Amino acid sequence: MDGIRIISTGKALPERKVPNAKMSSYVETSDEWISSRTGIKARYFSEKETSLSLSADAARQALERAGLSSEKIDLCIVATITPDYATPSVSCLLQKELGLREDIPCFDINAACSGFVYALHVAAHMMNGTGSRHALVIGCEQLSRILDLKDRSTCVLFGDGAGACVAERAPGIGICGVLGAQGDRDALHCCGQGRKDPFIRMDGRAVFRFAVTKLEETLRELERCSGVPLEKVDYFACHQANERILRHVQRKMKIPEKKMVTCIADYGNTSGASIPILLDEMACRGLLKKGTKVFAAGFGGGLTYAGIYLEMDRDLPGAEGKETS
Ligand code: ACO
């Protein structure tokens, strides 16, 4: 079976940036509490943007960087828990917006913060099944729409944004990864619009325990199935839920600090969008070069978890003209 490679990335954020100080106008909190408990300094909240507009902007950037026109896309998957409508899906709206071909599958998936990695696996298997070549895989969220701005235990954590990638079927490398779920409503749930309580509710400590356990297990499983030992992995691109979760796992697994890449300070937790936004940040920082080995791992609502091994076969575009590290 052929594997999957990412050949370009893109991202889009709402115009309105909300620093921690602004959150204390909604709830009793402080920059000190938020940044020391989570690593978050700011997030973006949508005003006029939609899940479609954010997805389209991120996708256009990824397509342009791949040097591909929209007719070359054979599959479009959007990972989201905050679509604009129950139907049509964001991916169908995007098909029209971008002028994608009619003879291709377009659908959304809901696996919360693991959604983008789930979508990469689905894309890889579908491209094998159909023999097609290019997939547009997007993570997009407008979590500000389901935040209770009176609940300080959740509203300071989340933000909006979209990340996109163009992925290519990669003969000869195989698909290596982990997908799983522990069905659970109590640790994290959101009933959604039109319900008595439409907001996201979370038992932070239960999610924390799940996250540190499953993230470590997922990275160990990626090590086993890829045959790439942890010390040979260049970067770990993990769901940006909380800097303390990432640092806990990084230290426990003796991973060097700079290999556990983070961008939570600038964006907060963007759920399904967090890993593709992080991959785009990494491309823009010049970290994704030919031969770079990445373990990507997500965990979150469901409760779900997912991991995938990614190896770059080229320097990913995005860092041109910028100083790289
Ligand atoms: N500002 C100030 N004080 C606060 C805030 C806030 N924003 N939120 C909670 N507190 C208070 C609480 O009321 C409590 O006060 P008390 O001791 O007087 O009762 C105190 O801070 C400690 O609260 P805890 O909930 O125990 O704080 P904790 O150290 O566990 O941190 C946090 C909370 C950050 C949510 C942590 O549990 C966590 O990160 N959990 C994982 C959450 C996560 O990763 N979620 C996303 C994954 S799933 C997904 O991405 C969709």
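Compute the distance in nm between two label points, each set 7 Å from the Cα along the Cα-to-Cβ direction, one at E71 and one at D315.
Label at E71, label at D315, 3.1 nm between them.
With Cβ to Cβ distances under 14 Å as the rule, what net charge do the other residues near A112 carry (K, R +1; D, E -1)?
0
Could you sort 303-309, 292-298, 86-92, 138-144 so that the peptide with the highest average Cβ count within 10 Å comes first and the rest follow in order?
Peptide ranking by packing, descending: 138-144, 303-309, 292-298, 86-92.
Would you tally the net charge around T29, using a Cβ to Cβ cut-off of less than 12 Å, leaving T29 out, and scoring K and R as +1, D and E as -1?
Every neighbour counted, the sum reads 0.
Using a cut-off of 15 Å between beta-carbons, work out the net charge of the residues near P83 (Lys and Arg +1, Asp and Glu -1, P83 not included).
Computed value for this residue: -4.
Carbon and sulfur together cover what percent of the accessible area of the chain at a 1.4 Å probe radius?
It is 48 percent, rounded to a whole number.
Hey, got the Cα dimensions of region 96-196 along the principal axes, in Å, largest first?
Between the extreme Cα coordinates on each principal axis of region 96-196 lie 50, 33, 22 Å.
Taking one equal scatterer on every alpha-carbon of the chain, how large is log10 of I(q)/I(0) by Debye at q = 0.13, 0.16 1/Å?
Calculated log10 I(q)/I(0) at the listed q: -0.89, -1.41.
Suppose R0 equals 35 Å. What FRET efficiency, 1/(1 + (r/R0)^6) with r the Cβ-Cβ distance, do C191 and S30 give to the nearest 0.05?
0.75
Write out the GluC sites (Glu not before Pro) in region 221-325 meeting two conditions: DSSP loop, and at most 10 other Cβ atoms within 10 Å of their Cβ.
E320, E323
Would you mind getting the accessible area per residue of the chain, heavy atoms of the protein chains only, 1.4 Å probe, in Å²?
42
Measure out, as a whole number of angstrom, how far apart the alpha-carbon centroids of region 62-133 and region 1-43 sit.
24
Suppose R0 equals 35 Å. What FRET efficiency, 1/(1 + (r/R0)^6) with r the Cβ-Cβ distance, do K48 and R251 give to the nearest 0.05?
Approximately 0.25, to the nearest 0.05.
With just the Cα atoms defining each centre, how far is region 268-297 from region 207-248? Give it in Å.
14
If I model a spin label at T130 and A181 as a point 7 Å from the Cα along the Cα→Cβ vector, what separation in nanometres do I get?
2.2
Viscosity 1.002 mPa s, temperature 20 °C: Stokes-Einstein D of region 3-170 from its Kirkwood Cα radius, in µm² per second?
Taking Rh from Cα pairs, D becomes 129 µm²/s.
Show which lysines lie in cross-link reach of K11 when reach means a straight Cα distance below 25 angstrom and same-chain residues fewer than eight apart are skipped.
List returned: K22, K41, K48, K72, K96, K258, K259, K289, K290, K293, K322.
Can you pull out the trypsin sites (Lys or Arg not before Pro) in region 31-111 that DSSP calls coil and that have at most 15 other Cβ atoms within 10 Å?
Sparse-neighbourhood loop trypsin sites (Lys or Arg not before Pro): K48, R101.
Give me the percent of DSSP beta bridges within the chain that run antiparallel, rounded to the nearest 5.
Beta bridges within the chain, antiparallel portion: roughly 70 percent.
Please report, to one decimal in angstroms, the Kirkwood hydrodynamic radius of region 177-311 built from all distinct Cα-Cα pairs.
Mean inverse Cα-Cα distance, inverted, gives 15.5 Å.
The values are calculated or read from the model by the stated rules, or taken from the named source; none is laboratory data. The model shown is predicted, which means the values in this text are computed figures rather than measured ones. We place every Cβ from the backbone using ideal geometry, glycine too, and count neighbours over all the protein chains shown. To get the accessible areas, we keep the full protein, side chains included, count just its heavy atoms, and leave off ligands, DNA and RNA. Shrake-Rupley method; radii C 1.70, N 1.55, O 1.52, S 1.80 Å.
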